Structure formats: structure tokens, C-alpha cells
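Here is the structure we will look at.
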There are 2 protein chains.
Amino acid sequence: MTRVLVGNDFSEDVRTDRGWTGWWVQRLAWFAADGDVLVLPAAVDEDFLAYVTALTGVDRASLTVVVPPGGEDSMLTPGRLADPAFLAELRSAVGDRPVTEIFSLWPDATVARLARALGAPSALAGHGFVDQGGGPLTNSKSLFRTLAGGAGVPVPAGAVATSKEVAETVIVELLAGGEPVMVKHDFLSGGHGNEILSTTDGIRPIGARRAVTVPDRAAVRAYLDERWEWLTGGGRSRPVVEQYHRDSSAYFTEYRISDEGVELTGDGELLSAPYAVGQVMPCVGLEPEVMRALVDGGRELCESLHAMGYRGMCATDAIVTPRREVLFTEYNGRITGSTHIYGVLGKKIIGDGYGTDRIILERVWPEGWSVDSFTDALERLTAAGHAYDPATRTGVLFTNAFDGSHGVMYCIAAPDLNTAWSLDRQLGSLFARKSTR
Amino acid sequence: MTRVLVGNDFSEDVRTDRGWTGWWVQRLAWFAADGDVLVLPAAVDEDFLAYVTALTGVDRASLTVVVPPGGEDSMLTPGRLADPAFLAELRSAVGDRPVTEIFSLWPDATVARLARALGAPSALAGHGFVDQGGGPLTNSKSLFRTLAGGAGVPVPAGAVATSKEVAETVIVELLAGGEPVMVKHDFLSGGHGNEILSTTDGIRPIGARRAVTVPDRAAVRAYLDERWEWLTGGGRSRPVVEQYHRDSSAYFTEYRISDEGVELTGDGELLSAPYAVGQVMPCVGLEPEVMRALVDGGRELCESLHAMGYRGMCATDAIVTPRREVLFTEYNGRITGSTHIYGVLGKKIIGDGYGTDRIILERVWPEGWSVDSFTDALERLTAAGHAYDPATRTGVLFTNAFDGSHGVMYCIAAPDLNTAWSLDRQLGSLFARKSTR
């Protein structure tokens, strides 16, 4: 019995904007159990792996890490995952143990092929769906809107822009209502694929690249003429046009979709300024009816994906408007940037108190902070007395490997959000780059 | 109470290859009931409408036909269906009757907008799904394969080609098995979007544009370099690559997907030489286990579309190989070219005996035959004594309006297929173009 864990990332055919993701996918380590085989695009950060396994109680020596040949600075491409030398090494790592589970961060058809190459297609949940191109669909903003429409899950007013003409019609109609409009690339995430259109200046772009002023139809047309190629990923996907609700908050609910059905696994708030800067898990201070709308709407979307044959994790995102409407904005059918935080750091490291007497504030490494390595970060943190303490179940936990240039993503376990933000401010003195260094 | 019937066709954003489809969508007339309002892209062929209503027993005078301004030679584009003058005329035709049903040949978001403009979104079944871009998905060969993979419905070996590199890998793998490969455009139909690749010459292209010889990987790559732009519709869709099974037959089963569930409505054989040339309805001479596999597999696919929120008709196509394997090849979520044949001409005009003592052979108007008008065709047919006779429930029925240049699609009601083909051969002497005319 053994599991193969694949540290892949967004398919190349969906996104080409991410650059090197070797460090980001090392969060795979949080999901490892004794005896697992980890497939990574680049050598593992051993300091990070030692840190993780010490916390999860996994025997590092029982793990095997396999890196396919062909580019330490590239993703796990179809070519690398099909490399004969890699497959031989992987088979050797597995040995004569049956492969009982194949787990990947991203539901790529290449992983389905890998499962077949290992003679274990059924070890990959939802093999047929993934094998026949399902992965991009569970991360498509256009299909999300179609399924939401089909299930009657509330979304911001708008449409799937099946053509530039449709986009123009819908944008002009929505702007006539007096509110700004968000135009979204089908696949880009974290706000990087979104732009806001407004008839007037002065919109602050939250969760978007920028705000563009389009006083009239001619300006909308000019915008689309200029940006259509980008918005459609060179013609490969369909952007979404929707009303933009200012001063909204954003939340996620995440589910496990298995043969048995759909199970809520976690939830939290998504912080943007303007891009993703962190998360609070679980949701704090939401009215019960708002929380229920988040959980129920997300579950309905996951029921649709379940019926289509998808098996795996899916996070559904929604905004809560100042009028406390819950409007869903996208889904992400993959191991998200939240899964390891609430699922492992929360439920396993913090344990039973997670979500009752402890919350987690997760932070993207801030601009202007700098460390030299994972060990450097950990040493400074420990020396300052801010490292996570299992006795108090509070403090700072690093969540990923060194990003190769500046820092390490981290989160803070605390009894409440004020305490967490307070500790976060103190980290600045530890990590802020000195002009004299 | 009134119904609005919309004679639209494939979305412009999906297909631009069809040219003028004004005649093809006039089959809408078969679905009309007393009091209905028909929206057509061009003036109705009154001779055809008189013929249809005489057979269906509908009062022609109770029907209203509305043609939006803006191009008698174009489809019902988003612009035409949103035209204010058209909407005023349509509202006037509806009057103060509530709109109880909006029926369209093709599930286009434009029809969802029209339903809202009429203040009757719920009169369009599955409004939310169609409104948010669901229509193209119910007619996508790539999503078809994903859902088949998800449901475990058998399909020919192959993959969704999410990139040119994936296409090359899969084509080379499949060709290595010694059999030809079919490459399919995501949306084109009737075989017009398919090409066959083979390592050797001499493949007869059935259900495909042509056969291409690709002796090695370099030739496959050169083929893809040349054809990728076309295969992806200029980058807008994902082609499918699958094993080509020579000497197979092709069948459809069609279903009504409603809030209540999925109901089988009809079935038949699809004849190609090499493009669609006709159909036999219902299926004749199939082994019970093959028929069961067709019906069950198609139903599973429709269950997935039902769960996604689609409401309407869907035909699933499958091949039956010489080894009697049933392998599904596509679905078509729309009013197909079969729906009016089995659903109205079969079940209503022929009546109870349809499928028991009567079958239908449907024929595309052959090359080289010619008539001047619908009336010309009907007069010649009647004079020859071959027109459909309700007393014997046999003979020739025209199924659509005059195509504007050569002929009229027709079908033959007969006790068996041999009798139908025999009558079909006699029609040549009625309609074959004389060199002296």
C-alpha cells in the first residue's frame, strides 16, 4: 500500500503567466503520510520538509521524493510526467507495494495518464473525468456561471461573453445601471485576470488588476478591441462579465467531492488589497443566515460537479455585499491555497480547538520583507519567541518552502483576529529589509 | 396562454460555416400548435406551412409569423432578436395572453434574453443554464467526452486535445496501435468538422471531410501545425482526438430532459456517405443488448446534463463497431434534424403504427436532383402517386421548406426498409435534373 502525491500546478494550456512554481507546490508536504512518494518539479526544500514532518509526526525517512528530469525551473509538464526515466524511478520508488491513492494538487489529464502508466487508474479518484479534460472545467469561471445558472445559485448580474459583441451588449447594459462592471478572464486567479470598468473615475480596484474608465459605448468597444485577445487567452476561453459590487467582503467554502457525495471541509474569508494578501480561517463574525447561504450555495455547485464526475476538492468563492447579499463569483476545483491551512495546520496541528478557541490568519509574504532561506526565517522567528507553541496553540507557522528570493508564506494561530493582527505587526521588525543589509 | 417558437440555429459564436439557414429552420412549423407565434429569420414558405398545417391539423390562420428586421439572409442573431421594433411586434402578436412556453431550436443565451424581454423568463425551461452560456456546452464534443469519462460511458480511445502537444502525443500513441485516428472540431457537425489520420493510404472517409496520410510523428506535427487554427475554431474550442473504427454503423437515441428527469423520445440510424445523407427511424434490426447499451449510455449522458441544469432535447450518437461494441461519439443538446421526423411525422402523422408496422427513411436532397419550388416538388410527387397517403400510412412526406436552390428534404414512410429504398429509387425519375431543362 502506498500513495503517490503529485505537486503539479495549473495546466500549461490554461495559464502561462505563473512562472516558476517550484516553491508554491511544496505545500504538498503537508499532505504526506508515512511511506508516501512525492513527485515534485524541483528538489525539495529539506529544511521545510523537516519542519513539516516534525509538526505532522511523519517519518521523513519513510518518504521518497522523485523529481522528473527536464527542467528544475519548470512545472510538471506532460512531457516531464511521461519521461521514461522518471517513470522507471517512480516505479522503483513504489516497488511491489500496490498504489492505493494518487493525489495531485491539480486535476490534470497528465496525472490520469500517469495513473495508467502505474497500472493504477482507479487509484486516481474520478479518473475518467480528469482523463478526458475535466480539470480545466472545474476551474473555469464561465462554466461556473453556467452551473450556477443551472442550479439557481445567486451570482452577480452578468453573462458569459461568448463573443465580443455579447460582451459589449452586456457591459453597456450593466453600466447603464450606474454601477461598475468586472470583466474576468476565464482562468486567471487571485484577481490577476480581472479588470473593472466604470463610467466614472475613482474606482479603487479590489480583486482586480486595474480600473478602466469607459464613459460610453464607444469606449467600451475600444476597450474590448484592445483587450479581447488577452481576455480570451488568445481566443482559448470565454470571459465573464458581471456587475461589480463595491465594499463587499469575499469568503470561501470548500468541499470534498467523493463517490459518497459532497462534504463541507472548511471555510474562511479572503483578504485582497488589491490582490490576495491573506485569509482568515474559519469565517469570523458572519450572521448565521449569511453563513448558511455560503455553505448551501457552494454545496449546490459542488453537487453539479459531482454529477459531472469530478472527484476531489472544490472551493467556492462568494462576495457578501454591504446589503448582505451572498453572490457567488467562482469555484476552484483543485487543492487550493487554503486546503493545507485549515485541513492540516488547523484541524491536525492546532487540533480540536481550531475554529472554536483558535483561528488562523494566513498571510502572503509582504513586499519589503526579506529572509535568506527557510532556516533563516525559522531561526529569527524562534529567537523572537513568536514560533508556534503546541502548549498554547498560538504563534506563527510557516506554510510553505522558501520562495527562492524573499520569504516564506506563514500563518498565525491565535484566539481571535485582533491578537493575530497584533502579532503580525510585530513580525515586521523581524523580517523587514534593512536598507543597510 | 400562448407559445413563442424561435427558429434559430447554431450560435454565430460557435459556427460561421453554415451560410443562410432560413430554409432549414422552417422545420419549426412541425412543432406549431393553434395560436402559436413563430419567430423566423426570413419570410415563411407559405406553401410549406400550408402543407404542414394540413397534416398536423393546425389552423394556419391562428399562427402569427414574426421576422425581425435586419437581414433576410442572416440567422436570428443577438442583434436581430434584441431589435426594439421586433420586440414591439412580438409583444403585439402575443397581446394580453400570458406566454406559457418559449421553445427554440437551439438553446441560445439570446433566447433567454428574449424571454426576459417578454417578462416570461420561467416560460423558457432551464432559463438560468441557457442564460449563462450553457447552449454551446450541450453541443460540445470536448465536454461530451469529459462527461462520458465522468459517467463511465464508453467512448473510442482518445482524449480532449487541450493543446497541440497533447494532440500530437495522443495521435501518435493511437496510430501506434495500427488503427486510424479521427480528429474532430469541438462544434462542427454532420462530419464536416472531422478528419481522419492514418499511417497508410486508402482509408475511405466516412463521417469525415477527408483522410490524411501521416506516416510518422513529423507528419502528425506538420498536419497539426497546418490545421490547428481550423481545428480549434481560431483558438476558441478544444478538438477531440479518438480512434477511428472502420466499418462501423452510427445510431442516435434522443431524450427529453425536463424537471421531471430524462425520458427517451426517439432513436434511429444515421447514414453517411461520407457526410450525413439520411436517417432510418426507429433503429431497425439491432440486437437487444446493443439497443440497450445505446439507450442506457445516452440516458447517463443526459442525466449529467440534467444535473447541470440543461432542459430540452438531447440526442446522443454512438457507433456500433463490427465487433458490436457500442461507443459514444457526441451529443447534441438542441432540436435536432431528427426531432420533427420521429416526433411529429412519426408519432403524430403516421401515428400509433410508427415503429411497429411503419418505419421512416429520411433523405437529404440528392446532388443532381432539382425542383423549382416547394409546390413544384409537391405537384410532381402527387402526380406520380408517391405522396404520403394517410389511408395506407405510406409514401413520401416533405420535411422542410424549399432550400432556395435545388430541392426539399423528404422522408418515406414504409412497412420496411427495402420498400422504402425501392420507392426512393423511383423518385430519381421525378426529380433528376434533365440536361435539356
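Nothing in this text is a laboratory measurement; each read-out follows from the coordinates by a stated rule. Since this is a predicted model, take the numbers as computed values, not measurements. Because the Cβ atoms are built from the backbone with ideal geometry, glycine has one as well, and the counts that use them run over all protein chains shown.
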(message) If N is the number of residues in the protein assembly as shown, what value comes out of its Cα radius of gyration divided by 2.2 N^0.38 Å?
(response) 1.04
(request) Post the alpha-carbon centroid distance, the stretch A:111-166 to the stretch B:192-220, in whole angstrom. (result) 30
(message) Greater than 22 Å separation of Cα atoms is the criterion. Which listed pairs, A:Lys164/A:Lys184; A:Lys141/B:Lys141; B:Lys184/B:Lys347; A:Lys184/B:Lys141, meet it?
(response) B:Lys184/B:Lys347; A:Lys184/B:Lys141
(request) Given the options B:Arg256, B:Arg113, B:Arg204, state which has the largest fluctuation in a GNM of chain B using a 10 Å cut-off (strictly under) for Cα springs. (result) B:Arg204
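What number, in percent, do you get for the relative contact order of the stretch B:64-187 if the mean sequence gap of Cα pairs under 8 Å and at least 6 apart is divided by its residue count?
16
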(message) Quick check on the exposure proxy: order B:Ile203, A:Ile335 from fewest to most C-beta atoms within 10 angstrom.
(response) B:Ile203, A:Ile335
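Ignoring GluC sites (Glu not before Pro) that are buried or in helix or strand per DSSP, and keeping those with at most 13 other beta carbon atoms within 10 Å, what is the longest stretch of chain A between them?
For GluC sites (Glu not before Pro) (loop position, at most 13 other Cβ atoms within 10 Å), the longest site-free span of chain A is A:73-259.
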(request) Between the alpha-carbon centers of the stretch B:280-349 and the stretch B:392-424, tell me the distance in whole angstrom. (result) 22
(message) Using each residue's phi in the stretch A:88-97, evaluate 6.51 cos²θ - 1.76 cosθ + 1.60 at θ = phi - 60° and report the 3J(HN,Hα) Karplus result to the nearest Hz, with x for Gly and Pro.
(response) 5, 5, 5, 4, 5, 5, 6, x, 9, 6
(message) Below 8 Å between Cα atoms, with a sequence gap of 6+, how large is the relative contact order for the stretch B:338-437 in percent?
(response) 32
(message) Counting only Cα atoms, I'd like the Rg/Rh figure for the stretch B:2-133, Kirkwood definition for Rh.
(response) 0.94
(request) Could you work out the mean count of beta carbons from other protein chains within 10 Å of each residue's beta carbon in B:159-172? (result) 4
(message) Given points 7 Å out from each Cα along the Cα-Cβ axis, report the B:Ala88 to A:Ala387 separation in nanometres with one decimal.
(response) 7.9
(message) So for chain B, averaging the separation of alpha carbon pairs under 8 Å that are six or more residues apart and normalising by length, what relative contact order in percent results?
(response) 14
(request) Output, in nm with one decimal and in ascending order, the distances from the B:Gly285 label point to the matching label points of the other copies (7 Å from Cα along Cα-to-Cβ). (result) 7.6
(request) With everything on Cα atoms, drop me the angle between helix A:417-431 and the longest principal axis of chain A, reported from 0 to 90° to the nearest 10. (result) 70
(message) Tell me the angle of helix A:164-176 to the major Cα principal axis of chain A, expressed in degrees between 0 and 90 and rounded to the nearest ten.
(response) 70
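Give, as a single signed number, the net charge of other residues whose beta carbon lies under 14 Å from the beta carbon of A:Ser62, with Lys and Arg counted +1 and Asp and Glu -1.
Local charge sum for A:Ser62: 0.
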(message) Once you compute Rg and the Kirkwood Rh from C-alpha atoms, what is the Rg to Rh ratio for the stretch B:338-437?
(response) 0.96
(request) Sort A:Ser74, B:Ser422 so that the residue with the fewest other Cβ atoms within 10 Å of its own Cβ comes first and the one with the most comes last. (result) B:Ser422, A:Ser74
(request) Return one number: the angle in degrees, 0 to 90 and rounded to the nearest 10, between the long axis of the Cα atoms of helix A:46-56 and the longest principal axis of the Cα atoms of chain A. (result) 90
(message) Inside 10 Å of the C-beta atoms of A:134-141, what's the mean count of C-beta atoms belonging to other chains?
(response) 3
(request) Just the number, please: percent antiparallel of the DSSP beta bridges in the protein assembly as shown, rounded to the nearest 5. (result) 75
(request) Restrict the search to the stretch A:322-412; then list the trypsin sites (Lys or Arg not before Pro) that DSSP places in a loop and that have at most 15 other Cβ atoms within 10 Å of their Cβ. (result) A:Arg323, A:Arg324
